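Only one structure is covered here, and it is reproduced in the block below.
The values are calculated or read from the model by the stated rules, or taken from the named source; none is laboratory data. Keep in mind it's a predicted model, so treat the numbers as computed, not measured. Note that each Cβ is placed from the backbone with ideal geometry, even for glycine, and that neighbours are counted across all protein chains shown.
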Amino acid sequence: MAPLLWEELAWNTMSYSKSINSNHRAYGSFGPNSKASALFDAAFSKPLPKKRFQTQKSSGTPTDSPTVDSLPSVAEGEPAHSSPKQVFSPPISLPESTSTDGTVENDNGLSSSSSDEDSQPVPNVERPTNSSSTSSLNRAASLRSSDSPQAGTVRTSSAAFDFDDKEDSPPPSVKRSKMSPPSSSSSKFAAPKERRPVYQHKWTENDDEDNESGDENAAESRVSPGVTAPTSSALQRGPIYKNNEGARIHRVKEAHQCLESGEHDDFKQDIEYILSTMKGNASINIKCLSTLSLARKCVSPEFRQFIRSEGLVSNVFKGLAEAANDQNLAICAATVIYLMSRDFISLPVDAHSLRLLSQLLRIEKLDQNEEQKKYASLVWEVFTSYIERMESVGKKIVFDLNKDQLTPSALILEALVFILARSTDENLKTELLNLGILQYIVGKVEKIVLRLIHDKLSEPETIQQLVVLERCFRILESCTLFHKKNQAFLISHRGSLLIQMCGKLMTVIHDTISNCAVGSELARSHIACLSLMARVLMNLSHENELCCTKLGQVPGFLPQCLSSYTFLAPKFAPEDKKFDLYVMMTSLCVNLVERCNSNRRKLIDTSVKVYSEDGEATEYKALDALAILFTIHEAKARNIDEDLDKDLAFEEPIDEDNNDTDEEVKDDGRLDRAKLNEMSESEMLQAVQSAMSKASAHMEDSVVASYVALLIGCLLQQNEGHVSAVRSHLQDGSLSPMIDQLQRFLDFMKIASKKSGGCRSIERIIDLLDRLN
């Protein structure tokens, strides 16, 4: 209900006072002569149940006065007015009353007074600041209603007085303020003051719920039950993170991702800065220092991977394009190229980059001056830090150069070995020929071989020359593998210079090793160089009758090839190099005699030494020596096969008559060993390692026996009359062991080899031996 207007209450009270006898005092009212009693009644009387009365606007004086059922509450604040005739009640409030709808409301403090001559509306007095919010809202609504000229049916929740508006006279009109909204004829709505958003910190969800429930109760207590509360335009808002407490922030990087991103940005800025200083008209010293900075960065595998993944390799080579014009810049650029080529992933090199490599490859000597020594020391520090870093992560780096041997040619030669070994690009191999790199390598081989023949070198110098020769052979091997153009060029270049130099080197190796002690470092270096040379010649002679013919024409080449694995390898080669030398030399001999009958006749008539396990060297004819060698390796492979069968543990099958002997094992020698489930972990690991080593040895002996049998079959082509020499060394004079060995080798080659050319050659040899058996 709307609050009771102060003006109407004062006017009706004055009319009621005049209608009664001056000596008569109504309960709860007071006159000018009875102030104390009125104060006493107003202060200590109990409120009666509220009744609704209606007031109606009328122009005349009321005739019938309504009966007063209850008293209004005394105003809490003591009014201060200029009229001395008006007396007000003390600041005492009546207890709260409950409305019909159950809403707790406060009785509005009202006071009435009468005067002998005139009566004026009692002004509203503001309460102290500690008054309740409900009373403040009622007083605000009363002030707004008092300014309205219209007075319709008014209902209050805090006052218990209703007047008959038919008999009551209207209150004096009061001017409406400009800001007062027009009142409705049926009811008056009290618009609350605009509420500003207030920040309230929320600690937990329960606190938020309590605050929300408390705000709702406070809002309900402020609004009267008969008044519809207007919608607030400014809603109270909580913290900005209130609605995002349970939200999940997506695309958050992990710690290692942030680290990688930061490293990527650092690498990008470094390479951009370094390349910018290497371009333009910068001085040679600035370019050298920038190249050294790039080399220090390339020590890190992550930085090298960044350059490769971002496609900056070509940019680096473009920045080093002028390196061949200065020796100091050349050594710094060669260091960068060497470090970038040491990764397992192939370094992409185009024709422009190969041209730079070709220029740097020809700088073999450096001027010995102070500036060159300074840059050589800086370059050596870079290599030292690189080797230390690789060894710290468990990777052993083979670096055969010392500080005095650091030249652009040596570093680029090493880099080419790694680049070509991990690249299968045929265009790259062709560009090596077009840019003259293959010609330079052949000239390098010639120079070293002639120096080994004519110069008296010390053992360290000889080993160093053999190391350089190994690098050259590795490059030639990669360039000639399944590349017909490079093969044809190297065979015919400068009158078969490479073939002639290989024949001379074979003689030097045999003469040197024969005079060396077994197991010496010099012998190991010569054996390694011999194996690499055999790889190059094997690529050149593969299905090439011209190369086989020219090699057969080299004096003493065929007997030395055969003697390499009948005498040289068994006596002087280390255990880890024997198998490679066996396979390479026998494969080379097979290529030499497969398509050239002249080489077959030369080799059959040759006598070679055979080194036995007893340490004795006996000279045999070629077929006799090969047959002896086959029987040795075939017997080893068969014995290892039997040993592997003995190492296997089998349980005895279930006996239907007696099931109590299921856990027993056989008593024969083959299966008499402990069960696998009774072996400890260390014993089982040792057994597996033993089986693997035996399997590896079995494979090596089986492969060597297969190649020897294949060579014997090739020699017997068009020379069937010499088969008796082979039969004399085989068991029962039968070729069946050789046939069986070649059949197993053929099955293996069908699985391992994608090309069928080699398989057809093996099948042809098997058919020949079957016919001769």
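Results, tabulated for the structure shown:
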read-out: Every residue from segment 750-773 that is surrounded by fewer than 18 Cβ atoms within 10 Å (Cβ to Cβ) and closer than 20 Å to residue 699 by Cα; value: 750, 751, 752, 753, 758, 759
read-out: Checklist (1) closer than 21 Å to residue 466 by Cβ; (2) out of contact with any Asp or Glu (no Cβ under 7 Å at 6 or more places or on another chain) applied to residue 547, failing item; value: (1)
read-out: Residue count for segment 711-740, restricted to those that are acidic (Asp, Glu) and over 26 Å from residue 759 (Cβ atoms); value: 1
read-out: Within segment 423-485, helices (runs of 4 or more DSSP H) holding 1 or more residues that are assigned by the TED database to the domain that holds residue 510 and of a type in the set (Gly, Ala, Ser); value: 437-454, 459-480
read-out: Residue check, residue 387 without any contact (Cβ under 8 Å) to a residue 60 or more places away in the chain, closer than 20 Å to residue 301 by Cβ and among the β-branched types (Val, Ile, Thr); value: yes
read-out: Residue match in segment 459-466 (condition: among the hydroxyl-bearing types (Ser, Thr, Tyr), more than 43 Å from the chain's Cα centre (by Cα) and within 27 Å of residue 353 (Cβ to Cβ)); value: no
read-out: Search result, residues across segment 384-419 that are assigned to a loop (DSSP other than H, G, I, E, B) and either touching a Phe, Trp or Tyr at 6+ places or on another chain (Cβ under 7 Å) or closer than 27 Å to residue 367 by Cβ (or both); value: 399, 400, 401, 402, 406, 407
read-out: Among (1) at pLDDT below 95; (2) not assigned by the TED database to the domain that holds residue 547 - the single one residue 412 does not satisfy; value: (1)
read-out: Of all residues making up segment 516-553, the number that are over 46 Å from the mean Cα position of the chain (by Cα), of a type in the set (Asp, Glu) and assigned to a helix (DSSP H, G or I); value: 1
read-out: Among (1) surrounded by 15 or more Cβ atoms within 10 Å (Cβ to Cβ); (2) free of Cβ contacts under 8 Å to residues at least 40 places away in the same chain; (3) of a type outside the set (Val, Ile, Thr), the one test that residue 461 misses; value: (1)
read-out: Hey, residue 354 more than 22 Å from residue 397 (Cβ to Cβ) and touching a residue at least 60 places away in the same chain (Cβ under 8 Å) or not; value: yes
